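The structure appears right after this line, and notes come after that.
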Amino acid sequence: MMRIILLGAPGSGKGTHAEKLSKHFFIENVSTGKIIRDIIESKSELGKLVSDFVKNGELISDNIVCKIINEKLKSDKCKNGYVLDGFPRTLQQARKLEEFEVKVDAAILIEVSESIIIERLTGRVQCKECGNVYNVKLNPPKVVGICDTCGKNLIIRDDDNVPAIQNRLRIYQLQVAPIVDFYKNKNLLKVVYGKNNIEGTFTDILNVLE
Ligand SMILES: [Zn+2]
């Protein structure tokens, strides 16, 4: 049983490590975006409510997001544990999870320097069709400008220019700082310094979990 919260800036490699942790420990990889898409498709009561929010372009409240996550974490799929990717996003959400008695064994913060993040994010290209993300320097597609999976054209993401990235990082820092403190005060926080080497970083993550 392993219940992990993974925190990290955009470009920290959080998504990659969530996937690796999920495979390593045979635990469910819980990403908010995917759960919200699933719940809308389920056409349940909650699904209809969420679908209305999304249709009207409204933000889903912390309360509803936490309710959805809580349901997921207590479902059968999560009985071996889970890794939460990018959640909680706010201190309110962290507190709500606690109210719902969601158990956490560790909150791992992947710290990556701003210069590395900028290097990673400025090289990103994404497939319009399937959403696959590549990096022209670090993880290039086999053929320049073409998606390996579906063969469609790759595009540079609009929000991946340097000032926009710096702005996103500032917003992220403001949001994550109180969450980091929250878990630090509970003795659950583990910090890993992300390098430009996925396996090396992953080994560090496994080490802090021991
Ligand atoms: Zn594709």
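Only the coordinates and a few stated rules stand behind these numbers; no lab work does. Given the structure is predicted, the values throughout are model-derived calculations rather than measurements. With ideal geometry, Cβ positions are generated from the backbone for all residues, glycine too; neighbour counts draw on all protein chains shown.
Between Cys150 and Ile60, the distance separating the two model label sites (each 7 Å from Cα on the Cα→Cβ line) works out to 2.2 nm.
The GluC sites (Glu not before Pro) found in the stretch 29-61 that occupy coil by DSSP, while having at most 13 further C-beta atoms within 10 Å, are Glu58.
Placing unit charges on each Cβ (+1 for Lys and Arg, -1 for Asp and Glu) gives the stretch 1-138 a dipole about its Cα centre, and among Gly8, Ile39, Gln126 the Cα reaching farthest toward its positive end belongs to Gln126. Among Val144, Val191, Val136, the largest mean-square fluctuation in a Gaussian network model of the chain (Cα springs under 10 Å) belongs to Val144.
For the peptides 74-84, 159-169, the ranking by mean Cβ contacts within 10 Å, running from highest to lowest, is 74-84, 159-169. Distance from the Cα centroid of the stretch 170-195 to that of the stretch 116-165 is 27 Å (rounded to whole angstrom).
Positive end of the dipole of the chain (Cβ unit charges, origin at the Cα centre): among Phe87, Ala106, Ile146, the Cα lying farthest that way belongs to Ile146.
Over the chain, all Cα pairs binned in 5 Å intervals from 0 give whole-percent P(r) values of 1, 7, 13, 16, 19, 18, 14, 9, 2, 0, listed from short to long. Please check: in the Gaussian network model of the chain (C-alpha springs, under 10 Å), which one of Lys48, Lys67, Lys184 has the largest mean-square fluctuation. Looking only at Lys48, Lys67, Lys184, the largest GNM fluctuation is found for Lys48. Direction-averaged projected area, Cα convex hull, the stretch 136-210: 7.4 nm², rounded to one decimal. Say we join alpha carbon atoms closer than 10 Å with springs in a Gaussian network model of the chain; which of Pro141, Pro178, Pro88 then has the biggest fluctuation? Greatest mean-square fluctuation among the candidates belongs to Pro141. If only the Cβ of Lys and Arg carry +1 and only the Cβ of Asp and Glu carry -1, the dipole of the chain around its Cα centre is close to 160 debye.
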